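Where a number appears in this text, it was derived from the coordinates with a stated rule and is not lab data. Please read these numbers as outputs of a predicted model, since none were measured by experiment. Glycine also receives a Cβ, built like all others from the backbone with ideal geometry; neighbour counts cover every protein chain displayed.
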Amino acid sequence: MWPRKTLTAAQDVKLQTKNLFLRRAWYTDYEDWAQVRSRNRTFLEEYEPTWPKDCLSEAFFKRRVERLVDDARSDRAYTFLIFENTDLELIGGINLNNVVRGAAQYASLGYWLSEEWQGKGFMTQGARAVLGYAFTDLRLERVNAATLVHNKKSRAMLERLGFAEEGFAKSYIQIAGKRQDHILYGLNAEDFKEGFSGTA
């Protein structure tokens, strides 16, 4: 029997790690979100699809929040902002995108982290918490991920979490304005629960 949709209200999901606090975006996060995204624009644009012209506007952010809440209620995607515990500074985001139910029971992992917080193990912590939520609360059986071939930090993090490299996808996704090759990874719930998730 395939799992039914989670009954947990999307707006109530909060995840905690040793150094991080994760929750969905609120309208009141706009100023902090716009500031950190603007400050990291040059760094992030190398790894993300082309930013829309109004992507840092308050109207854009409010539309995004509304869409993400609807996605979670409809069991299509689950998105979290990542805050550092000490002063609750917003430092990044992580998503479970394109949830597929039925026989598949999988989603795709996406993430970003402010440049100044790179190399501290925080994204590994945050991703592990979200994977735990995916495999336990959402009862998914698999999470997929894809990363640019040259993104060594992202590839190393996925491997620490227990993801297995599974293939190469030519011109897979539009990143920084052009279709780019990606390395494909996958992690099954059974492997994650048996302890192949690495260490923070």
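Rg over Rh for the stretch 85-200 works out to 0.96, using Cα positions for both radii and the Kirkwood form for Rh.
Structure remark: mean-square fluctuation, Gaussian network model of the chain, C-alpha springs under 10 Å; the largest value among D54, D71, D137 belongs to D54. Considering helices alone, the calculated mean residue ellipticity of the chain at 222 nm is -9000 deg cm²/dmol, with DSSP H runs of length four and up weighted by -39500 (n - 2.57) and normalised per residue.
For the listed peptides 140-146, 44-50, a ranking on the average number of other beta carbons within 10 Å per residue, highest first, reads 140-146, 44-50.
One equal scatterer on each Cα of the stretch 19-65, no solvent, Debye formula: the resulting log10 I(q)/I(0) at q = 0.24, 0.26 Å⁻¹ is -0.99, -1.09. Look at W112, W26 and count the other Cβ atoms within 10 Å of each Cβ; fewest to most, that gives W26, W112.
One equal scatterer on each Cα of the stretch 10-140, no solvent, Debye formula: the resulting log10 I(q)/I(0) at q = 0.09, 0.11, 0.14 Å⁻¹ is -0.25, -0.38, -0.62. Seen from L88, the other residues with C-beta closer than 14 Å to its C-beta sum to a net charge of -4, counting Lys and Arg as +1 and Asp and Glu as -1. If you run the Gaussian network model on the chain, springs between alpha carbon atoms under 10 Å, then out of A59, A169, A72 the most flexible one is A59. Counting only lysines at least 8 places from K152 when in the same chain, those with an alpha carbon closer than 28 Å to its own are K18, K120, K170, K178, K193. Annotation: amide H of I175 within the under-5 Å range of Q180, sequence separation 5 or more or interchain, hydrogens built in the peptide plane.
The mean sequence separation of alpha-carbon pairs under 8 Å and at least six residues apart, normalised by the residue count of the stretch 10-140, gives a relative contact order of 26 percent.
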